[in-house]
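Notes follow once the structure below has been shown.
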Ligand code: NDP
């Protein structure tokens, strides 16, 4: 039987890296993409091929997908995972930074979907897993642009799922809660680059307070396992939120309504 192939974005660290390794361990030939090739080289094997690219580079994405098709003849799975978290109060994050958040987190995912779908449609088979976040369904002070980007991914994913279903392509959302990776440290470093006037100090301190739980969070392995399950299952979930904090955040927003939920969040942020 021909070996199945997977393309994983953001594979140089965290969830993407754990997913690339797990898919390879489970028989997939994995094209592992990210900007930092040196990090990708650490996981190179006879089943993992590093691909250096930036998800804002549409031409590089097309070249990559053509490379997958020309060398392996098929692309079975796309894991859209590469993203970063732009924190900061809406008033203070520059439009340039906001655009960058959408270029990577939203248009990056869209570019990959557009690149692989013609092949999946032709083969009448394929699986796309889009990694979103609890912030795909809720939004809190300081998380505005990141949450907006993840809400956009939820909307695009729900749309494309219905569009490609009849072509044998299944599309899944995985919504992680807080996971211990490079993500939060990078988020906080980026927050430091945003100039907040003293009036917003509570928001900045609140973000640090909320994210201080990150070192006690689970590692990326549980998300990688959920991705593998979504890839191999004949009937994958539409949206899988895990671990419990991700499920609870969305349930609480639904249960308590916008006003009470916002009050609870402000309390959690020590406002
Ligand atoms: P990491 O920061 O550890 O990994 C992010 C990956 O994305 C890296 O491999 C990075 O590689 C890649 N990446 C970022 N920007 C670009 C770009 N412009 N072009 C190509 N690759 C890029 O984070 P996680 O593993 O935690 O995050 C993975 C996913 O999980 C993201 O979609 C995130 O939103 C989501 N998530 C994470 C949570 C968490 O608490 N960790 C919570 C909820 C959701 P490189 O820098 O080498 O390009």
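FYI, it's all coordinate maths here, none of it is from the lab. What you are looking at is a predicted structure, and each value in this text was computed from that prediction instead of being measured. Note: ideal-geometry Cβ built from the backbone for every residue, glycine included; neighbour counts use all protein chains shown.
Pulled fully out, how much extra length does the chain show between residue 96 and residue 221, if you take 0.36 nm times their separation in residues and subtract their Cα-Cα distance?
Working: separation 125, 0.36 × 125 = 45.00 nm, distance 3.36 nm.
Length difference between fully extended and current span is 41.6 nm.
Counting DSSP beta bridges with both partners in the chain, what percentage is antiparallel, nearest 5?
Values: 0 of 27 bridges.
Roughly 0 percent of the DSSP beta bridges within the chain come out antiparallel.
The spacing between region 39-102 and region 162-239, judged by their C-alpha centroids, is 16 Å. Between residue 123 and residue 201, the modelled labels are 5.7 nm apart [label points 7 Å from Cα along Cα→Cβ]. Measuring max minus min along each principal axis, the C-alpha atoms of region 1-91 give extents of 55, 26, 22 Å (largest first).
Each label point was placed 7 Å from the Cα along the Cα-to-Cβ direction; for residue 235 and residue 186 their separation is 3.7 nm.
Please say if the chain is rounded, prolate or oblate, where rounded means a/c under 1.5 for a ≥ b ≥ c the square roots of the C-alpha gyration tensor eigenvalues, and otherwise the choice is prolate for a/b larger than b/c and oblate otherwise? Can you show the working numbers first?
Working: a/c = 1.90, a/b = 1.66, b/c = 1.15.
Prolate is the answer for the chain, as a/c is 1.5 or above and a/b outweighs b/c.
Packing order of peptides 65-78, 258-271, 206-219, highest average first: 65-78, 206-219, 258-271 (average count of other Cβ atoms within 10 Å over each peptide's residues). In region 34-181, inverting the average of 1/r over every pair of distinct C-alpha atoms gives 16.4 Å as the Kirkwood radius. Could you give log10 I(q)/I(0) at q = 0.14, 0.17, 0.19 Å⁻¹ for region 130-271, computed by the Debye formula over C-alpha point scatterers of equal weight, without solvent? Cα-only, vacuum Debye calculation for region 130-271: -0.73, -1.03, -1.22.
Rounded, prolate or oblate: which fits region 215-254 when a ≥ b ≥ c are the square roots of the eigenvalues of the alpha-carbon gyration tensor, with rounded for a/c under 1.5 and prolate only if a/b beats b/c?
Numbers: a/c = 5.09, a/b = 1.27, b/c = 4.02.
Because a/c hits 1.5 or more and a/b fails to exceed b/c, region 215-254 counts as oblate.
For the chain, what is the mean residue ellipticity at 222 nm derived from helices alone (per DSSP H run of n ≥ 4: -39500 (n - 2.57); sum divided by total residues; nearest 500 deg cm²/dmol)? Mind dumping the intermediate values first?
Values: 10 runs with 135 residues, N = 271.
Calculated from helices alone, the mean residue ellipticity at 222 nm is -16000 deg cm²/dmol.
Along the Cα-to-C-beta direction of residue 35, a point sits 7 Å from the Cα; which residues of region 105-119 have their amide N less than 13 Å from that point? Taking a point 7 Å out along Cα→Cβ of residue 35, the residues of region 105-119 whose backbone N falls under 13 Å are 105.
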